[in-house]
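Below: the structure, in structure tokens.
The values are calculated or read from the model by the stated rules, or taken from the named source; none is laboratory data. Quick caveat: nothing in here was measured; it's all calculated off a predicted structure. Quick reminder, even Gly has a Cβ in these numbers, built from the backbone with ideal geometry, and neighbours come from all protein chains shown. Only protein heavy atoms, including side chains, enter the accessible area calculation; ligands, DNA and RNA are left aside. Shrake-Rupley method; radii C 1.70, N 1.55, O 1.52, S 1.80 Å.
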Amino acid sequence: MLTTHIESFEERLAELQTLLPEHYKELALNQDEVALDPQYEVYIERERQGGLLFLTLRDSGAMVGYFIGFIAPGLHYKTCLTCTMDIFYVRKDKRTGSAGVRLFRSVESELRRRKVQRWFMGSKLHADASALFKRIGASPVETYYTKWLGE
Amino acid sequence: MKNFYRLSQNANVIPLMAALMRRADLWQQNTYLRDYPQGPFGEVESIILRFPDRSVHETQEALAQHMEHFDQHENHDQPVYKTLPEARQLVMGLMSFVGGERLGRVMINKIKPGGRIYPHADTPVHANYWSRHHIVLQAGPGLVFRCEDEAPEMRTGDVWWFDNRQIHEVVNNGADDRVSMVVDIRTPR
């Protein structure tokens, strides 16, 4: 059984860290140049300020997926409370059925409860999640580019 | 949050949990809630510490006569309550904390991994009179306690008030039993 949970990032960090390496390995860019080294203290600070949503997907108690998003008034639109997705992940063996949709529907429910008005979520071209986002009623609005400049 | 409020954290529930571990037989003594026809508690084991008296009447007239003098909010200690003094200490501590005027039902409910309490709202005559509290005796990751659109994380040792007039459900998708003591208290109003 898969269930979704709004949890404390700070308190569940150790468990989250068991999933992050496989998430990084599957999706991160320039892995030979950029190591996985999150600024956890920034996440924790944002959570303490009420500006972070950490929602998990669990199976028999074990964390098998998560969504992390930042919630704040828009920098250009301070009257528009906005959620900007940071990352999401569903463990490979749980990507059957509707795990992703369930995760995102729960995120939406919580964002509505918090009176968030706009939600941005990103899909990587090398791991396209467009079908999931379209299924929950989101629309594509932007293509994001990257260029490696480091040595 | 409008349906939940955490009154306390880190209540010392270890003595009561230790007593429950020693007395596994208590879960089988009273199956009233679990066996209630079409009730939401079919997957729950309960130890009923305080409950109203139950009676059966042969005729409508006898029932009407009984109801004339029956206070449905009057609860009585069940014999098992005396064997769990660790529970009384927590209950009376909560009574004192919230300034309780009258003590109602007290039950310890256990939901096994994979089990659930199905969505329901408690009867208005009951839920309007009593304030419902939970003393969480054992909870781990994977527990969902939802009331309308809210589902706060409940941890072992937490003490919560919640609005049981609203539709609520519990799903234990954790690896261990979820054990919680329900305490109904008539609070000042």
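When the accessible area of segment B:4-186 is computed with all protein chains present and a 1.4 Å probe, what percentage of it is carbon and sulfur?
51
Where both partners of a DSSP beta bridge lie in chain A, what percent of those bridges are antiparallel, to the nearest 5?
For chain A, the DSSP antiparallel bridge percentage is about 90.
Need one number: buried accessible surface between chains A and B, 1.4 Å probe, both sides summed, DNA, RNA and ligands left out, in Å² to 100.
Buried area (both sides, nearest 100 Å²): 1200 Å².
Mind checking which of A:H126, A:H23, A:H76 has the largest fluctuation in a GNM of chain A, springs on alpha carbons under 10 Å?
Among A:H126, A:H23, A:H76, the largest mean-square fluctuation in the Gaussian network model of chain A belongs to A:H76.
Whole angstrom only: what separates the Cα centroid of segment B:1-44 from the Cα centroid of segment B:138-162?
Rounded to whole Å, the Cα centres lie 13 Å apart.
Assign one of three labels to chain A, namely rounded, prolate or oblate, based on the Cα gyration tensor with a ≥ b ≥ c the square roots of its eigenvalues; rounded applies when a/c is under 1.5, prolate when it is not and a/b is larger than b/c, and oblate otherwise.
In terms of gyration-tensor shape, rounded.
What size of dipole, in debye to the nearest 20, comes out for the protein assembly as shown about its Cα centre when the only charges are +1 on Lys and Arg C-beta atoms and -1 on Asp and Glu C-beta atoms?
So the magnitude is around 460 debye.
Heavy atoms only, probe 1.4 angstrom, no DNA, RNA or ligands counted: give me A:D37, B:D158, B:D149, A:D128 ranked by accessible area, highest first.
Reading off the accessible areas and sorting them downward yields A:D37, A:D128, B:D149, B:D158.
For segment A:7-24, list whatever residues lose no less than 10 Å² of accessible surface once every protein chain is in place, relative to that chain by itself, with the probe at 1.4 Å.
Residues passing the criterion (a loss of at least 10 Å², heavy atoms only) are A:E7, A:S8, A:E11, A:R12.
Greater than 20 Å separation of Cα atoms is the criterion. Which listed pairs, A:K78/A:K124; A:K78/A:K134; A:K78/A:K115; B:K82/B:K112; A:K92/A:K115; A:K25/A:K92, meet it?
Those over the limit are A:K78/A:K124; A:K78/A:K134; B:K82/B:K112; A:K92/A:K115.
Place a +1 charge on the Cβ of each Lys and Arg in chain A and a -1 charge on the Cβ of each Asp and Glu, then give the dipole magnitude about the Cα centre in debye, rounded to the nearest 20.
My answer is approximately 940 debye.
With every protein chain kept in place and ligands, DNA and RNA left out, what is the accessible area per residue of segment B:4-186? Probe 1.4 Å, answer in Å².
49
Please compute the length gained on full extension between A:C80 and A:S109, using 0.36 nm multiplied by the number of residues separating them and subtracting their Cα-Cα distance.
8.7 nm
Which loop trypsin sites (Lys or Arg not before Pro) in segment B:2-44, with loop taken from DSSP, have no more than 16 other Cβ atoms within 10 angstrom of their Cβ?
Passing sites in segment B:2-44 are B:K2, B:R23.
Distance from a point 7 Å along Cα→Cβ of B:E101 to each backbone N in segment B:119-141: keep the residues under 17 Å and list them by number.
B:125-132
Top mean-square fluctuation among A:E108, A:E47, A:E15, Gaussian network model of chain A, C-alpha springs under 10 Å?
In the Gaussian network model the winner is A:E15.
Any idea how far the Cα center of segment B:78-118 sits from the one of segment A:35-78, in Å?
35
Give me the net charge for the shell around A:W119: Cβ to Cβ below 10 angstrom, other residues only, Lys and Arg +1, Asp and Glu -1.
Taking every Cβ under 10 Å from that of A:W119, the sum is +1.
Taking the Cα centre of segment B:15-69 as origin, work out the dipole magnitude from +1 charges on Lys and Arg Cβ and -1 charges on Asp and Glu Cβ, in debye rounded to 20.
So the dipole magnitude of segment B:15-69 works out to roughly 400 debye.
Please list A:K147, A:K134, A:K94 from largest to smallest accessible area, probe radius 1.4 Å, with all protein chains kept in place.
A:K147, A:K134, A:K94
In deg cm²/dmol and to the nearest 500, what is the mean residue ellipticity at 222 nm of chain B if only DSSP H runs of at least 4 residues count, each as -39500 (n - 2.57), divided by the residue total?
-6000 deg cm²/dmol
At a threshold of 8 angstrom on Cα-Cα distance, excluding pairs fewer than six apart, so keeping six or more, what relative contact order does segment B:39-189 reach in percent?
About 31 percent, as a whole number.
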